[in-house]
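Just so it is clear, none of the values below were taken in a lab; they were calculated from the coordinates. Since this is a predicted model, take the numbers as computed values, not measurements. Here the Cβ positions follow ideal geometry from the backbone for every residue, glycine too, while neighbour counts run over all protein chains shown.
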Amino acid sequence: MSNTDTVPDEVDCAPSSFTGVLHPRDVPLGGPRAIRVRRTLPQRERSLIGAWCFVDHYGPHDQSGGAGMDVPPHPHTGLQTVSWLFSGLVEHRDSAGVHAMVRPGELNLMTAGAGICHSEVSVTTAPGDEVLHGVQLWVALPHADRDTARDFAHYAPDPGAAGDGVTARVFLGELAGQRSPVHTFTPLLGAQLDLEAGAQADLDVDPGFEHGVLVDQGEVEACGARLQVADLAYQEPSRQRLHLANRGSTPARVMVLGGTPFGEELVMWWNFVGRSHDDIAAYRDQWQSHDARFGAVDGYRGSPDRLPAPPLPNGRLRPRANPGVSRANPGV
């Protein structure tokens, strides 16, 4: 998914001492008649949870009476996109030649590496597809792999018990006895957990990970806080258990995201992840000039045929100083 902000913020991705609850802000996706999404990460208080650097939550949005998702071809660098639906159907096309459908409960993981472009369009082929509801997540690539080749992975995890009245679908990493076979470039966890009314779970988690809990629906308590829809609660490393509880009388659903703290300096602007202003400026210029770095998407039939990059802000984009990271070699 694209960051379609016309004046995107510069985000200095670096460790943070913030350990509370992040609340979302609403942003449009794809123009004035577009659906709204709730963006929880990045924020100034915290820009990363592990290598997770972008969290959008959208829906449930009924497309039968209006516009759905239609994001023209747009670029990415230095990251992976994670598409995950609760309902609906989205058609994905990218410049690696992949044409795939994003379906509920199935992971689509696209690796941008040195550069890729893709489009995303919601479609309706069966009853239920008209309600679009899901999350779009980005994962930052470490310095050593930032220029890796374009790639795409698909995985449909089987649901498994994670406690009494709690079901988990683990699409990245390992949790509750389930392990995803999908390769990641840094240690990560990504899972959907469904909790019946009144259910709770104490999950064994990797103490080397920091974790975030994003609420999709229900009255959820996590990380010692009561959460609203699209809130993202943070749990610091060194904790061996993650407690979740559904305090309501209806089912609840959350996304659990985790990973080892990402100890590199990053600059994220629009759809690019880089290490410096010069990186970002070069990516933007290459996208605007139709450079081969990003390739082209075949088969997209919308208008415009590609998203133009917004203008860079005045002044230079600067990564935040990051303890223990060498400026000469940001991969150290």
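General remarks:
- Sum of side-chain charges, Thr250 neighbourhood, beta-carbon under 14 Å (Lys, Arg +1; Asp, Glu -1): -2
- Close amide H partners of Leu41, meaning residues 5 or more places away or on another chain with modelled amide H under 5 Å apart, are Val55.
- Listed values for the stretch 115-126 are Karplus-derived 3J(HN,Hα) couplings in whole Hz (6.51 cos²θ - 1.76 cosθ + 1.60, θ = phi - 60°), namely x, 8, 9, 8, 10, 9, 9, 6, 9, 10, 10, 7, and x replaces Gly and Pro.
- Net lengthening on full extension, Ala281/Thr19 (0.36 nm per residue, minus Cα-Cα): 91.1 nm
- Whole-Hz couplings from phi, Karplus 6.51/-1.76/1.60, listed for the stretch 299-312; x for Gly and Pro: x, 6, 10, x, 9, x, 7, 7, 7, x, 6, x, x, 5
- Farthest toward the positive end of the dipole of the chain, out of Ala222, Gly59, Ala282, is the Cα of Ala282, where the dipole comes from beta carbon charges about the Cα centre.
- Residues whose amide H lies under 5 Å from that of Arg239, counting only those 5 or more places away or on a different chain, are absent; hydrogens are built 1.01 Å from N in the peptide plane.
- The phi-based Karplus calculation (6.51 cos²θ - 1.76 cosθ + 1.60; θ = phi - 60°) puts the 3J(HN,Hα) values of the stretch 83-89 at 9, 9, 10, 9, 7, x, 8 Hz, whole numbers, x for Gly and Pro.
- Residues whose amide H falls under 5 Å from that of Thr148, counting only those 5 or more places apart or on a different chain, are Ala114, with hydrogens built in the peptide plane.
- Spread over its residues, the convex hull of the C-alpha atoms of the chain is 127 Å³ per residue.
- Cα gyration tensor shape of the stretch 18-119, rounded if a/c is under 1.5, else prolate or oblate by comparing a/b with b/c: oblate
- One decimal place: the segment Asp26-Arg247 gains 77.0 nm when fully extended, by the rule 0.36 nm per residue minus the C-alpha distance.
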